[in-house]
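This report refers to the structure that appears directly beneath it.
The values are calculated or read from the model by the stated rules, or taken from the named source; none is laboratory data. No experiment lies behind these values; they were computed from the predicted model shown. So basically every Cβ, Gly included, is an ideal-geometry build from the backbone, and we count neighbours across all protein chains shown. All accessible areas refer to the heavy atoms of the entire protein, side chains included, with ligands and DNA or RNA removed. Shrake-Rupley method; radii C 1.70, N 1.55, O 1.52, S 1.80 Å.
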Amino acid sequence: MASLSVKPGQRFTLPDWQNNSLLISANAEQQRFNSHHIRQEGRALRNETGNQAKWDEHKSRTRLKDRITSVDKWREALAKCLTDIDLEIDALTKVKEAAENALQAKNLCLDVAIECLTFRESRRDIDVVRDPVEEELLREVKVIEKTKKELQQRVDDAFKQLCLLKEARQQLSCDHRHKVETLELDRQCMSFNPTSGNISFKVNPTRIPDGTTALREWELNSQCNKERAEAEMKASVDLRGAITLSIAQTNNELDAQRIATEFALRKRMRDMEAALSELRWQEKNTLEEIAEMEEEIRQLEEDIRKRTLDLKVAHTRLETRTYRPHIELCRDQAQYGLTDEVQQLEGIIRVLQQKRTESQDALDALYRQLHRIQTDMGYKTNSLQLDNKCMDTRRKLVISVEKFDPEVDAVNRTRNLPRENQLEL
């Protein structure tokens, strides 16, 4: 018989084979476990990073909105300040023109006074005497020259103030323009999103650009520009008042008492009108407060009525529970709760009644105050009518155009000029 050939090589035992299978299965289980754990960690990381990115983007968007709001408020404030300073420049220009016109008008008066003195130099012999007429003419020349010098000084001051106003306006305009540009950029940043077509990576985007300022410095810059403009406008308003007063004084120095009386009467009428306006405002607000207080008292009474009904319900429940038979008549939680409810409701009703009394007292005081306001309005209306009659009576006075006082309305900033050589006050 032929012998069975034996293949050379290593032979494993059955336990080795079983151990190898078990090892492969265990490794597979471990790898799947590791893979599952990594997948779970990856999912958690994706959720965490996604939420963090969304919150960061939301916070950045919120900060951008707040910044846009802050810059826009400053832009509005600067725009209003620009409008006010433009109006003030226009008003000061008109007052300066009025002072120049008044200064020009003094030349004729000076020429007349010098011409009169020249004529009197032709006197002969004993008539060449320093009489009161010559003294008055010389005094008139001095007064005219003094008023011209004062008016010229006012014109120079107005010119300097106009330069300061325009310089402040230039700073305001520059600051306002920069804020408009900043708003456009920040709003463009607000419009960016992951689907925008114009987003890309930038080189060193977190760098601090040259010329970067601190937030406090930014606020101080705008605040300083605004405060400077307001200070210049206040100085301009004061200067306009001084120029107007100088024009009035120089044009009416020979008739000061009459002008002072007119000025005092006009000022009194303005104060009276302002007082009447204030009283009307107080009357309107008092009437509104009376209506609101009456409504509040009605609400308090309604609440008292409702709480009284609630108290009746609680009392009825307590009384009804006293009829529980025998051992059932116990102090349970419901009993304690109803007792506490009664005490609370009684306290609430006392507080509401006290508040109703206080409200009624306040309403009575409002009615008394309303009566005082309406009585005072009657007094001031009568006084204003009398002042108007005085003004109508004083319109009979006629003055020349040289003595006309150009009034500059502090609200509308307009100038009232005479249309003829003479006018009536």
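Some values worked out for this structure:
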read-out	value
Protection-proxy order for peptides 147-157, 188-198, each taking the mean of Cβ atoms within 10 Å per residue, highest first	147-157, 188-198
List 281, 218, ordered by accessible area with a 1.4 Å probe, largest first	281, 218
Karplus (6.51, -1.76, 1.60) ³J(HN,Hα), θ = phi - 60°, over the range 354-366, in Hz, Gly and Pro reported as x	5, 5, 5, 5, 4, 5, 5, 4, 5, 5, 4, 5, 4
Anisotropy class of the range 309-352 from Cα gyration tensor, a/c 1.5 cut	prolate
Links that overshoot a 19 Å alpha carbon limit, given the list 73/179; 94/234; 160/234; 166/234; 96/160; 148/234	148/234
J(HN,Hα) series, the range 24-29, from Karplus relation 6.51 cos²θ - 1.76 cosθ + 1.60, nearest Hz, glycine and proline x	4, 5, 5, 4, 4, 4
In sequence order, calculated HN-Hα J values of the range 233-244 (Karplus, 6.51, -1.76, 1.60; Hz; x Gly/Pro)	5, 5, 4, 5, 4, 4, 5, 4, x, 5, 5, 4
Ordering of 284-295, 41-52, 205-216 by packing [mean C-beta count within 10 Å, highest first]	284-295, 41-52, 205-216
Partners for residue 306 among lysines (Cα-Cα distance below 28 Å; same-chain residues under 8 apart left out)	355
Rough spin-label spacing in nm, given labels placed 7 Å along Cα→Cβ, for residue 212 and residue 187	2.6
